[in-house]
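K.L.:
Below: one structure in C-alpha cells.
The values are calculated or read from the model by the stated rules, or taken from the named source; none is laboratory data. Quick caveat, the model's predicted, so the values are computed rather than measured. Cβ coordinates were reconstructed from backbone atoms using ideal geometry, including for glycine residues, and neighbour counts include every protein chain displayed. What goes into the accessible areas is simple: the full protein's heavy atoms, side chains included, and nothing from ligands, DNA or RNA. Shrake-Rupley method; radii C 1.70, N 1.55, O 1.52, S 1.80 Å.
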Amino acid sequence: MEVTESEVGRVVLRRKVTLINGVSIIVGSIIGSGVFVSPGGVLHYAGSPAAALYVWTICGVFCTIGAHCFSELGTMLPAAGGEYAYILYAFGGLPAFLTLWVNVLVIRPAAQAVVSLTFAEYA
C-alpha cells in the first residue's frame, strides 16, 4: 500500500472486517444476552417446546434478513457512522440527528442495563 504525501504523519485506520469479526459483531449485537433472559418467557407463552423453537427460528430468520439489509447498506454507502449515515443519506439531517440522540440517551444505555442485569443474575 502506497502512502501519499497528505497521509504522512497522520494516523489512518484500515477499513477491514474479516469474516470472524463480522460474525462476532452480528452475534454480539443480535443475540447478545437476550438469549439467556427470554427463553423461559418464550416457552411459557408459546405453550410447547416445538412452538418455542418455531418462534426462535422465525426470529432468527428476521434477524438474518436485518443483518443482510445492513450489510447491503454498508456496501452501497461505505460512509462511517452506521445507521446515522444511512438515515442522513436517506432522510436528511433532522431524522439522523434525532436517531443518534435517541440511540445515545435511550437505546444504548437500556441495552447496557439489560446486559448488566443479566450478568449480575448469572454471576
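K.L.:
Based on what the data block shows, is G60 assigned to a helix (DSSP H, G or I), within 25 Å of S38 (Cβ to Cβ) and either touching a residue at least 12 places away in the same chain (Cβ under 8 Å) or more than 16 Å from the chain's Cα centre (by Cα) (or both)? Before the answer, list the steps.
P.N.:
On the way: assigned to a helix (DSSP H, G or I): yes; within 25 Å of S38 (Cβ to Cβ): yes; either touching a residue at least 12 places away in the same chain (Cβ under 8 Å) or more than 16 Å from the chain's Cα centre (by Cα) (or both): no.
Taking the combined requirement at face value, the residue does not satisfy it.
K.L.:
Can you tell me which residue is nearest to V23 (Cα to Cα) among those in the range 53-63 that are β-branched (V, I, T) and open to solvent by less than 70 Å² (accessible area, probe 1.4 Å)?
P.N.:
Looking at residues that are β-branched (V, I, T) and open to solvent by less than 70 Å² (accessible area, probe 1.4 Å), I get I58.
K.L.:
Looking at the range 35-44, can you tell me whether even one residue there is touching a residue at least 24 places away in the same chain (Cβ under 8 Å) and either in contact with a strand residue (DSSP E or B) (Cβ under 8 Å, 6 or more places away or on another chain) or open to solvent by less than 90 Å² (accessible area, probe 1.4 Å) (or both)? Let's see the steps before the verdict.
P.N.:
The first filter runs over the range 35-44 and keeps only residues touching a residue at least 24 places away in the same chain (Cβ under 8 Å), leaving 36-37.
Checking which are either in contact with a strand residue (DSSP E or B) (Cβ under 8 Å, 6 or more places away or on another chain) or open to solvent by less than 90 Å² (accessible area, probe 1.4 Å) (or both) leaves us with 37.
Scanning the range 35-44 turns up at least one residue that is touching a residue at least 24 places away in the same chain (Cβ under 8 Å) and either in contact with a strand residue (DSSP E or B) (Cβ under 8 Å, 6 or more places away or on another chain) or open to solvent by less than 90 Å² (accessible area, probe 1.4 Å) (or both).
K.L.:
Given the criterion part of a helix (DSSP H, G or I) and exposed (fewer than 10 other Cβ atoms within 10 Å of the Cβ), identify the matching residue among A67, A85, A50, A80.
P.N.:
Only one candidate passes the filter, namely A50.
K.L.:
Within the range 109-121, can one find any residue that is under 28 Å from P39 (Cα atoms), among the acidic types (D, E) and exposed (fewer than 11 other Cβ atoms within 10 Å of the Cβ)? If you could, list the steps in order and put the result at the bottom.
P.N.:
From the range 109-121, those under 28 Å from P39 (Cα atoms) are 109-121; that's our starting set.
Cutting the leftovers down to among the acidic types (D, E) gives us 121.
Now drop any that are not exposed (fewer than 11 other Cβ atoms within 10 Å of the Cβ), which leaves 121.
Yes; the residues of the range 109-121 include at least one that is under 28 Å from P39 (Cα atoms), among the acidic types (D, E) and exposed (fewer than 11 other Cβ atoms within 10 Å of the Cβ).
K.L.:
Let me ask something additional. Looking at A90, A96, which is the one that is on the phi < 0 side of the Ramachandran plot and in contact (Cβ under 8 Å) with a residue 12 or more places away in the chain?
P.N.:
A96
K.L.:
Okay, moving on. Would you call T99 of a type in the set (S, T, Y) and open to solvent by 90 Å² or more (accessible area, probe 1.4 Å)?
P.N.:
no
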